[in-house]
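For reference, the structure discussed in these notes is given below.
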Amino acid sequence: MTLTPATPRDIAELRQLYFDVYGHGYPVALGSDPAVMRRLIADPDTHWLTARTGTGELAGSAVVQTDPGTRVGKLVGLAVHPAHRQAGLAGQLTGSVCAAAFDGGAVDSVYATVRMVTRGPRNVVLRNGFQPVGLMPNAAEVEGCESLALFVRYADGVLSRREPVAKVPRALCPLLRACEESTGIGFGTVAVTPAEPNSPRRTRRSGADFELLDAPGFVRRRFLELYPDPASRFFPLHTPNAVLLPGDGRFEVYAQLDRAAGSCALLAVHPHLGAATDALEPLMDAVARAGADYVEALLPLADTAGLAAFLAQGFVPAAVYPAMRRAADRFHDYVVLSRTSRQIDFRDVTADGVLQPYLTAYLTAWTSTYLPLPEVVS
């Protein structure tokens with residue numbers, strides 16, 4: 001096999017490759033949209049490698065998109081034609097494209113979301129230095145509603161410069177213990193914030209009083225006007241394409257809505273997160289009506305107030321991303337919180353080995369959120 005950077009001349013063959021591997025179920029535009037593919041191939045911050053046989057046949061593809069501002073990359077689009085599997089090509093592509101991203105020292109970490117229906121993709125990233133940091137149930141529509149696992153690979157020396165966190169909400173403790181067990185990445189002696197009395201979430205109201213503005217160009221410009229300083233916004237490799245507005249207009253929620261994958265990432269709340277915490281229930285209804293059954297938020301591990309607000313509204317700790325954000329010469333940990341409106345079915349999930357602790361942690365957190373044990377009065 002010969003590995004070479006992708007060129008615009010490869011686009012037609014690449015589209016056919018992704019179709020041969022995934023059929024019509026691949027929810028990522030880089031495998032189907034020629035305009036997106038052409039833009040990424042020309043992007044100096046995107047590393048796209050193709051693999052060809054000695055006869056010139058396209059056999060595989062892998063991409064790492066990087067965000068130079070946050071120094072974070074994402075492995076996407078890994079595909080090997082069925083006729084060329086079992087020969088280590090997926091691992092070779094992954095290793096080479098990640099090496100290209102890390103060369104030059106402009107990237108601190110690269111993450112990958114991996115399907116959990118088979119062990120193959122998980123084994124490929126593990127053999128290439130990625131570490132498991134969590135799982136997101138119902139995160140994407142591929143061949144039906146599927147759960148994804150989150151893996152991260154770091155540049156040398158990054159993990160040794162993490163900023164410690166003193167306190168976290170109690171609900172995060174199972175996730176942090178799972179990360180320590182699976183990766184050996186420690187969190188030190190972390191205290192828990194004072195427990196709040198158990199109380200039911202606010203009564204669900206219809207999301208009809210929320211307006212969804214789906215105008216990507218306008219939303220992106222408005223977002224950059226409100227957050228001109230890159231330090232004031234942090235959700236690497238995500239760009240808002242929709243904004244949700246309550247009837248009274250007292251806040252704006254910026255989101256990346258992906259109807260093809262049935263998912264939504266909440267990127268920012270203006271003027272501040274606290275303005276929306278009492279309206280998360282109807283907000284979730286509005287997102288569901290827009291076609292997203294899975295919603296996630298990314299918050300600093302040190303933001304106990306923000307984490308508590310999302311936890312109180314039914315979000316579950318799904319993954320922890322140690323050393324995700326660089327500030328000067330130190331790195332800060334982040335947490336992915338998720339919520340799904342679909343029934344979760346783990347029967348087809350291969351979560352043994354290093355992923356088993358995360359499955360146990362998620363089930364513990366989900367149970368404590370949605371199946372509270374009745375109080376026993378003696």
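The values are calculated or read from the model by the stated rules, or taken from the named source; none is laboratory data. Remember, it's a predicted structure, so these values are computed and weren't measured experimentally. Glycine gets a Cβ as well: all are built from the backbone with ideal geometry, and neighbour counts include every protein chain shown.
Brief remarks follow.
- Counting only strands (runs of 3 or more DSSP E) wholly contained in segment 1-92, the ones carrying 3 or more residues that are outside the structural domain of Ala328 (by TED's automatic domain parsing) and under 27 Å from Cys145 (Cα atoms) occupy 58-67, 72-80.
- Yes/no for Arg52 being charged (D, E, K, R) and surrounded by fewer than 19 Cβ atoms within 10 Å (Cβ to Cβ): yes
- Output for segment 212-266, where each listed residue is closer than 17 Å to Glu281 by Cα and within 13 Å of the chain's Cα centre (by Cα): Ser263, Cys264, Ala265, Leu266
- Selection count where residues are more than 27 Å from Phe331 (Cα to Cα), in a loop (DSSP other than H, G, I, E, B) and not charged (D, E, K, R), scope segment 93-124: 3
- Among the residues of segment 350-365, those that are in contact with a Pro (Cβ under 8 Å, 6 or more places away or on another chain) and buried (at least 17 other Cβ atoms within 10 Å of the Cβ) comprise Val354, Leu355, Tyr358, Ala361, Tyr362, Thr364, Ala365.
- Considering residues of segment 191-212 that are of a type in the set (A, V, I, L, M, F, W, C) and either in a loop (DSSP other than H, G, I, E, B) or farther than 20 Å from His272 by Cβ (or both) only, the residue modelled with the highest pLDDT: Leu212
- Residue within segment 82-90 that is crowded, with 19+ Cβ neighbours inside 10 Å and free of Cβ contacts under 8 Å to residues at least 40 places away in the same chain present: yes
Each row is one residue, and each column tells you yes or no for (1) among the aliphatic types (A, V, I, L, M); (2) touching a residue at least 24 places away in the same chain (Cβ under 8 Å).
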{"position": "Leu3", "(1), (2)": "yes, yes"}
{"position": "Ala6", "(1), (2)": "yes, yes"}
{"position": "His24", "(1), (2)": "no, no"}
{"position": "Asp33", "(1), (2)": "no, no"}
{"position": "Leu40", "(1), (2)": "yes, yes"}
{"position": "Pro44", "(1), (2)": "no, no"}
{"position": "Leu49", "(1), (2)": "yes, yes"}
{"position": "Leu58", "(1), (2)": "yes, yes"}
{"position": "Pro68", "(1), (2)": "no, yes"}
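- Residues in segment 8-22 that are among the charged types (D, E, K, R), without any contact (Cβ under 8 Å) to a residue 40 or more places away in the chain and farther than 24 Å from Glu141 by Cα: 1 in all.
- Some residue of segment 320-330 being at pLDDT below 95 and either in a helix (DSSP H, G or I) or aliphatic (A, V, I, L, M) (or both): yes
- Residue satisfying all of: in segment 102-147; crowded, with 23+ Cβ neighbours inside 10 Å and more than 17 Å from the chain's Cα centre (by Cα); nearest to Pro236 (Cα to Cα) among these: Val107
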